[in-house]
Amino acid sequence: MQLITGKTKLLGVIGDPVEHSFSPVMHNAAIAELNLDYVYLPLPVKAKDLERAIAGFEAIGLVGFSVTIPHKQTILPLLSEIAPNAELVGAVNTVWRTERGWKGTNTDVEGFLAPLRTTLRLRDWSQVIPVILGNGGAARAVVAGLLRLGCSKIHVVGRDRDKLDLFKQNWADSYLELDLKVHIWSELSGLVSETNLLVNTTPVGMYPFVDKSPVEEELMEKLPKGAIVYDLIYNPRPTEFLKIGEKVGAIAIDGLEMLVQQGAAALQIWLQQPVPVDVMRRSLLEHLGLN
Ligand code: NAP
């Protein structure tokens, strides 16, 4: 148990709900390892209270905070400065105080890229044609990450034609060289055999619906040899989607490393020093009963 002193500096996560967030576990484990006088707290904030909460954080000198659903987009106009990658994604997940006010960034992009970079260092990303399942907030971070790797042709699959068109339009406005194609689910069968990176950004298969997969085995069998299946879900580990992927011979990556790395990138911003990523990863695995 950490000792809270009169000088303990405050960090936290805002969202609604935040009760199920794993962030306090990994951040407080890292803070304890570094022996720093900080604490990271769950801070439940309703959508209607966001502006008042931010003003309150200023008043009590909060050092920084993580942002989760439903505030990732609505917080943008309340910040003094937004980092270019958060601008690109259109969402903020990390905020800290500067002399000019609150500054926001999006560490999901870096988090998503970390396991791709370490496990698949030699891949020529300009030849990779990814297919992204889902078109929500995480899908935007994935597109931004893939752009950074050098992918220029990306397929996005969703269930709502209007949302897909909006998603495509948002990118077309800011990234002229990106060839982003959107599809409804019934078109997925024609894409699977053409892709070497299939990324699930939908919550399908997330605990407690652990026997669900966004893609059936019959379709996954069409994946080319050596393809990567990447599921942003970290609980269960592996998901049904990844189990099927491995069964058909693909390389599987789950969402735990993304969670750890986006958290580590945020903590490094707040503490302005290197952070113990291994301790953060271990604390999460222990918490999830997966060690
Ligand atoms: P989001 O903004 O709500 O987007 C979810 C997307 O999934 C939407 O496009 C939604 O479609 C689609 N979807 C939802 N249920 C579906 C279903 N039954 N069938 C087909 N499509 C469905 O959520 P998000 O923030 O992007 O998060 C998505 C997932 O990524 C969650 O599981 C989250 O835990 C995970 N995630 C993981 C990390 C990590 O660090 N590992 C980070 C961020 C997110 P509609 O728009 O049509 O509703």
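No value in this document is a laboratory result; all are computed from the given coordinates. Since we're looking at a predicted model, the values are computed, not measured. Counting neighbours? That spans all protein chains shown, and the Cβs are built from the backbone with ideal geometry, glycine included.
Values computed for the structure shown
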item: Sites Asp160 and Glu217, calculated FRET efficiency, Cβ-Cβ separation with R0 25 Å, nearest 0.05; result: 0.45
item: Relative contact order for segment 109-254, counting Cα pairs under 8 Å that sit 6 or more residues apart, in percent; result: 21
item: Potential lengthening between Trp185 and Asp278 on full extension [0.36 nm per residue; Cα-Cα distance subtracted]; result: 29.7 nm
item: Helix 50-60 axis, angle to the chain major axis (alpha carbon atoms, nearest 10°); result: 40
item: Hz values of 3J(HN,Hα) by residue in segment 276-283 - Karplus curve (6.51, -1.76, 1.60), Gly and Pro given as x; result: x, 4, 4, 5, 5, 4, 4, 4
item: Value of relative contact order over the chain, rounded to a whole percent, pairs C-alpha under 8 Å and six or more apart; result: 17
item: Separation in nanometres of the label points that stand 7 Å from Cα toward Cβ, at Leu3 and Val248; result: 5.6
item: Degrees between helix 161-174 axis and first principal axis of the chain (Cα, 0 to 90, nearest 10); result: 70
item: Per-residue ³J(HN,Hα) for segment 105-115, Karplus 6.51 cos²θ - 1.76 cosθ + 1.60, θ = phi - 60°, Hz, x for Gly and Pro; result: 9, 10, 8, 4, 4, 5, x, 5, 6, 3, x
item: Length added when fully stretched, Ala59-Leu288, from 0.36 nm per residue minus Cα-Cα; result: 78.9 nm
item: When each of Lys168/Lys225; Lys46/Lys212; Lys212/Lys247; Lys72/Lys163; Lys153/Lys225; Lys48/Lys163 is checked by Cα-Cα distance, pairs over 27 Å; result: Lys168/Lys225; Lys46/Lys212
item: Sorted by Cβ neighbour density within 10 Å, fewest at the top, the residues Val260, Val128; result: Val128, Val260
item: Relative contact order %, segment 150-204, counting alpha carbon pairs below 8 Å whose residues are six or more apart; result: 39
item: Least to most buried among Tyr230, Tyr38 (fewest other Cβ within 10 Å first); result: Tyr38, Tyr230
item: Ranking of His71, His183 by count of other Cβ atoms within 10 Å, fewest first; result: His183, His71
item: Helix 256-271 vs. the chain, principal-axis angle (Cα, 0 to 90°, nearest 10); result: 30
item: Cβ-derived FRET efficiency at R0 30 Å, Tyr175 paired with Glu99, nearest 0.05; result: 0.40
item: Distance between segment 168-197 and segment 253-275 - C-alpha centres, whole angstrom; result: 29
